[in-house]
């Protein structure tokens, strides 16, 4: 299935930093100064604001990305539309539809897409802004489809509860929250019992960790219904833990198109690109092998703070509301890396180690999606820089197993940075003013640079 927007072939995206020379100025994004049709531009900007307000009301995770609390009117409008649809799966909690209300979310996102499509045609930066907003809506519609697939998506949905949790303020609110949470946890447990639906070990651990976070939030609340359901769900998880079931290359490829804007038509070519990046980052951080144990521990801590950060990340851009949004979960790791690189004059060992980790984990994910490999086999072929702790290696494996789109897309972003004119740090400094966007958009805006030398940057 092809994405409904144009995407660049992999070779174009990763070679986009190839021809203008090191004197290229940092790219900037500006609001249109003299639009040919100022009325159309003003109308589009108004509709853009409405669509972003819709997103904030549809999903509280999107409200956090937009950085805008939904208005009571918008919440009522979205909730009422969901209720009138007579969809029994819908639940409204604290005035908003919840993440488990898949049909309601999809209908509301589709309505927002229709609203944007009806906006007048615009030119210049506004046209690109419109295209980016359209692609954001497509990505969120795809996310709804992914999250429908319980129990596979259970950890993401529980984390959605955790991320958007607010303590109930009254006894009545406690009772409502208790009943709602018990219902959703029961649905997750029921999905585990469906024929052939048992979670593999990785996703079972992901869900168990998410439940730890939820339990911490609800520990002090008098939840008479939800607490027993949480215990039952944990008991059901005990029987999960089968072998990994790969997502499949075509699914990963489709998700890479939507979330990263890259058509990785050839898995073989992609593997070659990532293996070159793996060698380059290994050489850039080669002195790690000479470190003492205490130095390695310090380096590992610095690297983990970048690679495994769960903090939101954004790169604000004047004149673009969409580029200034917090990055979606698929692109958040790359955002953290770009911001960290841009803040440093040179490629530090810790940053080189982080880049190497991203590329290595991306190669693991690629092998798991395209070959009948086990993660132990992939990690033996593509090793991390030095023997990490068991917990670090397990977290890296989980990223490859449970989030292959994120792992591979981030690795592709590293390859793009390595090909940037002036090296990865300079490429990151040109990237930050462009904000968050799929790789095809970012690479085109950064402008090409000279072909990198055969040896990696030091």
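Values in this text are rule-based calculations from the coordinates and carry no lab data. Quantities reported herein were computed from a predicted structural model and do not represent experimental measurements. All Cβ positions, even for glycine, are placed from backbone atoms using ideal geometry, and neighbour counts span all protein chains on display.
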Margin query: Once each part is reduced to its C-alpha centroid, what is the distance from the range 158-236 to the range 325-350 in angstrom?
Written below: 33 Å
Notebook entry, point to check: Over all distinct Cα pairs, what is the inverse of the mean 1/r for the range 33-123, reported as the Kirkwood hydrodynamic radius in Å?
Noted result: 13.9 Å
Note to self: Could you tell me what a quarter of the Cα convex hull surface of the range 192-327 works out to, in nm² with one decimal place?
What the structure shows: 14.7 nm²
Next item on the list: Starting from the eigenvalues of the Cα gyration tensor, five times each then square-rooted, give me the equivalent ellipsoid semi-axes of the range 107-264, largest first, whole Å.
Entry: 35, 23, 12
Next item on the list: Work out the FRET efficiency for residue 309 and residue 346 from their Cβ-Cβ distance, taking R0 = 30 Å, and round it to the nearest 0.05.
Entry: 0.90
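By count of other Cβ within 10 Å, fewest leading, how are 97, 408 ordered?
If I rank by nearby Cβ atoms, fewest first, I get 97, 408.
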Item checked: Gain in span if fully extended, residue 279 to residue 389, counting 0.36 nm per residue against the direct Cα distance -> 37.4 nm
Check: Across the chain, how large is the tail of the calculated P(r) beyond 32 Å, expressed as a percent of all Cα pairs?
Finding: 42 percent
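Using just the helices of the chain, give the 222 nm mean residue ellipticity in deg cm²/dmol: DSSP H runs with n ≥ 4 each add -39,500 (n - 2.57), and the total is spread over all residues, rounded to 500.
It comes out at -19500 deg cm²/dmol, rounded to the nearest 500.
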Next item on the list: Could you list 117, 213, 200 in order of exposure, starting from the residue whose Cβ has the fewest other Cβ atoms within 10 Å?
Entry: 117, 213, 200
Notebook entry, point to check: Relative to the present Cα-Cα distance, how much length would full extension add between residue 172 and residue 50 at 0.36 nm per residue of separation?
Noted result: 40.7 nm
Note to self: Please arrange 303, 355, 446 by how many other C-beta atoms lie within 10 Å of their C-beta, fewest to most.
What the structure shows: 446, 303, 355
